[in-house]
Amino acid sequence: MNLRSYIIILFCLISNIVIGQFNNLKFENIDTIDGLSSSTCMDIFQDKEGFMWFGTIDGLNKYNGYEFEIFRSVLGDSKTISNNRITSIQEDNEGNLWVGTNNGLNFFNKRTSKFSEINLYKQLSLSNSSQKNINDLLYDKINNIIWVATNNGAIKIKLGDDNVNTKNFHFSYFINDQSNLNSIDNNGVNVILKDNNNHIWIGTDGNHLNQYNASKNNFNRILIESKKPYELNHIPKGFFIDSDGDFWIGNDLNNLILWEKN
């Protein structure tokens, strides 16, 4: 069970005590029997048209409330998704989907129902790397930017006037530089979030929160204080920003840390 699941359960327990109406909640189970490609979902997303998208370990699933349409990788077909293990889903201001996988970032054009893999590293040495895991995505609609969390740092993709035209994309790369305290604190980037003030925050395998400074195009680090240094090590951390702007930080094994931002 991940951090988000814990928070949802905690919220429901508290709300159930205070608000009696929660006793009327009804649940419906959707499984592979109903057409879902896999019962292991990595991400769930609802687009502007109301369709539900389920990122599973065996393909991308589009659900209209009645049936599923499944998108899988087809060997030798560049118009299909690059990998069947879906990790993250976002939608841009033109209604196109950005889909992170265990093997690269994909752009899904809804008008053509075709995928295209984004060449994240172009001519950089990482372009030939077999490790192209996408851990998280965030679409910043105000600035028309896609943020990409990878095991090799964070990538900022500034989209052009036409999001379909990949030639107009501008890439910025953020990696750890031990001599620069305004770089991200660790290259293992797990989560990218935006707070109530539209500030971008990056969570890594390191011991800090990394707040993006747009004016300087770098980061401010904030130490995550824990009672014991090993509490948040070993496995990726989860992050959640609540309505007060406070941060909930934890993982699947240890304590939950609340950082009251103010």
Under 8 Å between Cβ atoms, which residue pairs at least 6 apart in sequence (or on different chains) link something in region 141-155 that is without any contact (Cβ under 8 Å) to a residue 60 or more places away in the chain and open to solvent by 50 Å² or more (accessible area, probe 1.4 Å) with a partner that is among the basic types (Lys, Arg) and assigned to a loop (DSSP other than H, G, I, E, B)? none
I need the full set of residues from region 179-192 which are modelled with pLDDT of 95 or more and over 16 Å from Ile222 (Cα atoms), in order please. Ser179
Ser129 being closer than 22 Å to Arg72 by Cβ, of a type in the set (Ser, Thr, Tyr) and at pLDDT below 95: no
So how many residues does region 73-109 have that are among the β-branched types (Val, Ile, Thr), open to solvent by less than 50 Å² (accessible area, probe 1.4 Å) and more than 21 Å from Asn143 (Cβ to Cβ)? 5
Filter region 174-220 down to residues that are hydroxyl-bearing (Ser, Thr, Tyr) and exposed (fewer than 15 other Cβ atoms within 10 Å of the Cβ) and give me whichever is nearest to Asn119 (Cα to Cα). Ser215
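For the subset of region 43-64 comprising residues that are in contact with a Ser or Thr (Cβ under 6 Å, 6 or more places away or on another chain) and among the acidic types (Asp, Glu), which member is farthest from Asn83 (Cα to Cα)? Steps first, answer last, please.
We begin by selecting, within region 43-64, every residue in contact with a Ser or Thr (Cβ under 6 Å, 6 or more places away or on another chain); these are 43, 56-59, 61.
Okay, now just the ones that are also among the acidic types (Asp, Glu), so 43, 58.
Working: Asp43: 15, Asp58: 9 Å.
If we take residues in region 43-64 being in contact with a Ser or Thr (Cβ under 6 Å, 6 or more places away or on another chain) and among the acidic types (Asp, Glu), then Asp43 is farthest from Asn83 (Cα to Cα).
Within region 36-53, track down each residue that is under 20 Å from Leu138 (Cα atoms) and either among the β-branched types (Val, Ile, Thr) or touching a residue at least 24 places away in the same chain (Cβ under 8 Å) (or both). Let's see the steps before the verdict.
Keep residues of region 36-53 that are under 20 Å from Leu138 (Cα atoms), which gives 41-53.
The answer is Met42, Asp43, Ile44, Phe45, Asp47, Lys48, Glu49, Trp53.
The values are calculated or read from the model by the stated rules, or taken from the named source; none is laboratory data. None of the values given here were measured: they were computed from a predicted structure. Backbone-built Cβ (ideal geometry, glycine too); neighbour counts: all protein chains shown. Just the protein is used for accessible areas: all its heavy atoms, side chains included, with ligands, DNA and RNA removed. Shrake-Rupley method; radii C 1.70, N 1.55, O 1.52, S 1.80 Å.
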